[in-house]
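Please treat every number below as a calculation from the coordinates, not as lab data. In this text, all values refer to a predicted model and were calculated from it rather than measured experimentally. FYI the Cβ positions are ideal-geometry reconstructions off the backbone, even for glycines, and counts take in every protein chain you see.
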Amino acid sequence: MNGIYKGKSESLKQYDYLKCVEELNELSTVLIQQFNKPHKDYGEEIVEEMGDALYRLENMMDYYDRKKVIQRKKYKAERCAEVRASKQAERRG
């Protein structure tokens, strides 16, 4: 990316937004590839894209209330814990 977006010099915030979207799209692509082709191992690609996406999401924290984001993550984890636990039990069982 050369710092120009729609003919104008882009700000750091615009750059961070676009790069985050790009990495999240790449992650979603490889995740759906793994889902659609379970016989293939996309593990390395998934790890790579997860790392890239996490880096970009961390950069996005500069623009939002970090405490609120972490609170939301904890809320979501608590809300999903029961379903995840039942799915794990199914796998073992």
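What the phi angles of the range 83-89 give under the Karplus curve with 6.51, -1.76 and 1.60, with θ = phi - 60°, is a coupling list of 5, 4, 5, 5, 5, 5, 5 Hz, glycine and proline written as x.
Listed by chain and number, the aspartates and glutamates whose C-alpha is less than 18 Å from the C-alpha of K68, apart from same-chain residues fewer than 8 away, are E58, E78.
For the chain, the fraction of alpha-carbon pairs lying more than 20 Å apart is 59 percent, rounded to a whole number. Within the listed set E78, E23, E58, the Gaussian network model of the chain (springs between alpha-carbon atoms below 10 Å) gives the highest mean-square fluctuation for E78. Each of M60, A77, Y17 was placed along the dipole of the chain (beta-carbon charges, centred on the mean Cα), and the one lying farthest toward the positive end is A77. Between H39 and L18, the modelled label-to-label distance comes to 4.1 nm, taking each label 7 Å out from Cα in the direction of the beta carbon.
Relative to one another, the C-alpha centroids of the range 43-81 and the range 7-30 are positioned 15 Å apart. Computed from phi, the 3J(HN,Hα) profile of the range 61-74 under the Karplus parametrisation 6.51, -1.76, 1.60 (θ = phi - 60°) reads 4, 4, 9, 9, 6, 4, 4, 5, 5, 5, 4, 5, 4, 5 Hz, with x in place of Gly and Pro. If you line up the long axis of helix 12-36 against the longest principal axis of the chain, both from Cα atoms, how many degrees apart are they, to the nearest 10? Taking the Cα atoms of the chain, the angle to 12-36 is about 30 degrees.
Length gained on full extension, E26 to R79: 16.4 nm, using 0.36 nm per residue less the C-alpha separation. For the set K8/K76; K19/K67; K19/K87, the pairs lying more than 27 angstrom apart at their alpha carbons are K8/K76; K19/K87.
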